[in-house]
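Chemist: Encoded as structure tokens, here's the structure I'll be asking about.
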Amino acid sequence: MSQPSVILATASYDHNIKFWEAKSGRCYRTIAYPDSQVNKLEITPDKRYLAAAGNPHIRLFDVNSNSPQPVMSYDSHTNNVMAVGFQCDGNWMYSGSEDGTVKIWDLRAPGCQREYESRAAVNTVVLHPNQMELISGDQNGNIRVWDLTANSCSCELVPEVDTAVRSLTVMWDGSLVVAANNHGTCYVWRLLRGTQTMTNFEPLHKLQAHRGCILKCLLSPEFCEPHRYLATASSDHTVKIWNVDGFTLEKTLIGHQRWVWDCVFSVDGAYLITASSDTTARLWSMSTGEDIRVYQGHHKATICCALHDGAEPCPA
């Protein structure tokens, strides 16, 4: 099976993972996932594998195979895995779970290599572009920075007490971090580098983005420059696109009929893929704000999506 240049995958409460031809909207592969729902999908930097975060495991599937079986299963979490991602050269994977832990997995060795205790259900984890720090957000409203060199928590902050942090995103150059919560609010900080590797947070902006929950926030990628955008996906059925320069509203993407759970930019920031409880995923043009493709085939809520349309290796 030849590797497509664009890999687009979605997962749904119907216990299926689907691969799509991004341009035509045709589904060319379905993987049954009977053991649990899939909470998050992520594609490895080399485009070879798709990670599916379930309950309580993470399964790795071969993108270029027709086999329905995973090539690897990671099993030491004890509850829903809500976050999964990869270090830029693909050597290790990180995860966050409702069991209250953040874990690191070396893909070249079995088992979990490191575990950090968040003391509350972890909803979101992102890797700082320096590849040396993980940032997690949890159900109690805590944001923590995990210093992978010191192997400890280097920073802790609570933007809004007892308000769950649903999603975190870091600008590609490490200059900003945004946290979105259940009250529809985004908190924005400048990230300042101290004399050590430790990141310091300087409050920059508080954005009341939606009336409903924000389920995903995402900053635009490097090749979108000089434009810098923040996308916020919400339970109010919309996705809003904000200009990071002043955090003014650029566009509201209207078309989904129910909650919008996830979104991902194309590598050049020209397109956005979204996943919704209305069972569909959609491809949006960032220039027009219109949906130009609807991916239909799931029978229940589509809650996560993954896209890799860039070059395989990432810069060192």
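The values are calculated or read from the model by the stated rules, or taken from the named source; none is laboratory data. Keep in mind it's a predicted model, so treat the numbers as computed, not measured. No Cβ is skipped: glycine too gets one built from the backbone with ideal geometry, and neighbour counts run over all protein chains shown. SASA here: full protein model, heavy atoms, side chains in, ligands and nucleic acids out. Shrake-Rupley method; radii C 1.70, N 1.55, O 1.52, S 1.80 Å.
Chemist: What is region 135-221 by shape, rounded, prolate or oblate, if you read a ≥ b ≥ c off the alpha carbon gyration tensor as root eigenvalues and call it rounded for a/c under 1.5, prolate for a/b larger than b/c, and oblate otherwise?
Modeler: In terms of gyration-tensor shape, prolate.
Chemist: I want the local charge near Ala209. Using Cβ-Cβ distances under 14 Å, sum +1 for each Lys or Arg and -1 for each Asp or Glu among the other residues.
Modeler: Values: positive: Arg166, Lys206, Arg211, Lys216, Lys240, Lys251; negative: Glu160, Asp236, Glu250.
Neighbour charge sum, excluding Ala209 itself: +3.
Chemist: Name the aspartates and glutamates eligible as straight-distance cross-link partners of Lys206: C-alpha to C-alpha under 14 Å, and not fewer than 8 places from it in the same chain.
Modeler: Result set, ordered by chain and number: Glu160, Asp245.
Chemist: Here's something else I'd like to know. Quick one: which of 145-152, 41-48 comes out on top by average Cβ neighbours within 10 Å, and what's the full order, highest first?
Modeler: Order by mean packing, descending: 41-48, 145-152.
Chemist: Let me ask something else. Could you tell me whether region 31-150 comes out rounded, prolate or oblate from its Cα gyration tensor? Rule is a ≥ b ≥ c as square roots of the eigenvalues, rounded for a/c under 1.5, then prolate if a/b exceeds b/c, otherwise oblate.
Modeler: oblate
Chemist: What is the sum of charges around Asn243, taking Lys and Arg as +1, Asp and Glu as -1, for the other residues whose C-beta is under 12 Å from the C-beta of Asn243?
Modeler: +1
Chemist: Run the dipole for region 51-121 about the Cα centre, Lys and Arg Cβ at +1, Asp and Glu Cβ at -1, nothing else charged, and hand back the magnitude in debye, nearest 20.
Modeler: Working: 5 positive and 8 negative charges, 6 e Å.
With only Lys, Arg, Asp and Glu charged at Cβ, the dipole is about 20 debye.
Chemist: Taking the solvent-accessible surface of protein heavy atoms with a 1.4 Å probe, what is the per residue accessible area of the chain in Å²?
Modeler: 41 Å²
Chemist: Right, something else. So for the chain, averaging the separation of alpha carbon pairs under 8 Å that are six or more residues apart and normalising by length, what relative contact order in percent results?
Modeler: Working: 936 pairs, mean separation 44.3, N = 316.
So the answer I get is 14 percent.
Chemist: Within the accessible area of region 1-50, what % is carbon and sulfur when the probe is 1.4 Å and the other protein chains stay in place?
Modeler: Ligands and nucleic acids excluded, carbon and sulfur give 47 percent.
Chemist: Is region 231-316 best put as rounded, prolate or oblate by its Cα gyration tensor, with a ≥ b ≥ c the root eigenvalues, rounded for a/c under 1.5, and otherwise prolate when a/b is larger than b/c, oblate when not?
Modeler: Details: a/c = 1.88, a/b = 1.15, b/c = 1.63.
Verdict is oblate for region 231-316.
Chemist: Can you send over the carbon and sulfur percentage of the accessible area for region 128-266, probe radius 1.4 Å, protein chains only?
Modeler: 51 percent
Chemist: Let me ask you something else. Pairs Lys47/Lys103; Lys40/Lys103; Lys216/Lys251; Lys47/Lys251; Lys40/Lys240: which are spaced more than 24 Å apart, C-alpha to C-alpha? The partial results should precede the final answer.
Modeler: Details: Lys47/Lys103 22 Å; Lys40/Lys103 15 Å; Lys216/Lys251 16 Å; Lys47/Lys251 31 Å; Lys40/Lys240 21 Å.
In this structure, Lys47/Lys251 exceed 24 Å between Cα atoms.
Chemist: Let me check against my output: what whole-number percent is the relative contact order of region 232-310, with C-alpha pairs under 8 Å and at least 6 apart?
Modeler: Dividing the mean separation by the residue count of region 232-310 yields 25 percent.
Chemist: With +1 assigned to the C-beta of every Lys and Arg and -1 to the C-beta of every Asp and Glu, and no other charges, what is the dipole magnitude of the chain about the Cα centre in debye, to the nearest 20? Numbers along the way, then the final one.
Modeler: Numbers: 26 positive and 33 negative charges, 116 e Å.
The dipole magnitude comes to about 560 debye.
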